Amino acid sequence: MQKSNLAPEQYEREIPLEPASPGQRLMGGLRFDGHWQYRRCTQAGKTSWTQLPMAFDLVGPADPYGAWWCVRRCAVVLEQHHWLFLQLPAQLPPLPGVQELAQILDVLLPDWDVQAHFQCAQTPLLCAQAVEQEGSALLMLESPECDGPKPGIFWAWVVGYEPESPLSCTDDCVASEALPSAGVQAMAAPKALLALPFGSTLPWSSGYATRIQVHADGSCHLHGADGPWLPCQWLGTVTLAARPPPA
């Protein structure tokens, strides 16, 4: 990752902690309170809440699919750095496939276990498990309603999920504490994934992550704040989970 020379105070503002809804499981370090916010660590070792920019990136690699738009936001939440200190290299490929994106992320984020997945039936559970393991996921989707160099392809950043049964929320209420590994392995598939798709026309301050249901045949149903989208097709998944500590 490349670092910017701009001071974070020129862009970011600290936001006091407030509880979030326990009805959804969001990835650690992310919440919604009027705007999407992420938890960042200061140079003094303190933590604060900062607004996460959601507009299109004006500087950085070419990004017609939104892969790098998703990667940059996912990375800054996982790494808890200042937004302006996480600039992606300009030479990244503009149209990465699923395996290629996973390989690049494995280099950019060495502290995270990055995996590419091509088994559609397991996608909802794999994404939910990644969230519970302090991570996140990226989905490559295709819709006839999307414009791009290849018809309809776009990426979506998975920020959480809706469990089949409610789970308790901790006091800091970004997401509940990650489940123990045994609990993660025993998880049931979620009702839906919660994601932020690239190129959505919804105002980012709406606070409504798009619900995505991925079915075993690869078909996806997306439901945003303005109602259902046309059906999409799942093309692949990249998950990021915290690497276990060395033995």
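The values are calculated or read from the model by the stated rules, or taken from the named source; none is laboratory data. Everything numeric here is computed off the predicted structure, so don't read it as measured data. Please note: Cβ atoms are built from the backbone with ideal geometry, for glycine as well, and neighbour counts cover all protein chains shown. Keep in mind that these areas ignore ligands, DNA and RNA; they rest on the heavy atoms of the full protein, side chains included. Shrake-Rupley method; radii C 1.70, N 1.55, O 1.52, S 1.80 Å.
Round to a whole angstrom and tell me the spacing of the C-alpha centers of region 42-86 and region 99-145.
Distance between centres, Cα-based: 17 Å.
Which of the chymotrypsin sites (Phe, Trp or Tyr not before Pro) found in region 73-139 are loop residues per DSSP with 16 or fewer other Cβ atoms within 10 Å of their Cβ?
Sites meeting the loop and neighbour criteria: 118.
Grab the eigenvalues of the alpha-carbon gyration tensor for region 52-125, scale each by 5, take roots, and send me the semi-axes largest first in whole angstrom.
Working from the Cα gyration tensor, I get semi-axes of 21, 15, 12 Å.
With all protein chains present and a 1.4 Å probe, how do 154, 32, 198, 56 order by accessible area, largest first?
Reading off the accessible areas and sorting them downward yields 56, 32, 198, 154.
I'd like the accessible area for residue 25, computed on protein heavy atoms only with a 1.4 Å probe and all protein chains in place. Round to 10 Å², please.
Result for residue 25: roughly 10 Å² accessible.
Ordering 212, 104 by how much accessible area each has at a 1.4 Å probe, largest first, what is the list?
So the residues, ranked largest to smallest area, are 104, 212.
What is the distance, in nm, between label points placed 7 Å from the Cα along the Cα-to-Cβ direction at residue 191 and at residue 87?
Between residue 191 and residue 87, the label points sit 4.4 nm apart.
Round to the nearest 10 and report in Å² the accessible area of residue 47, as given by a 1.4 Å probe over the protein chains' heavy atoms.
Approximately 90 Å² for this residue.
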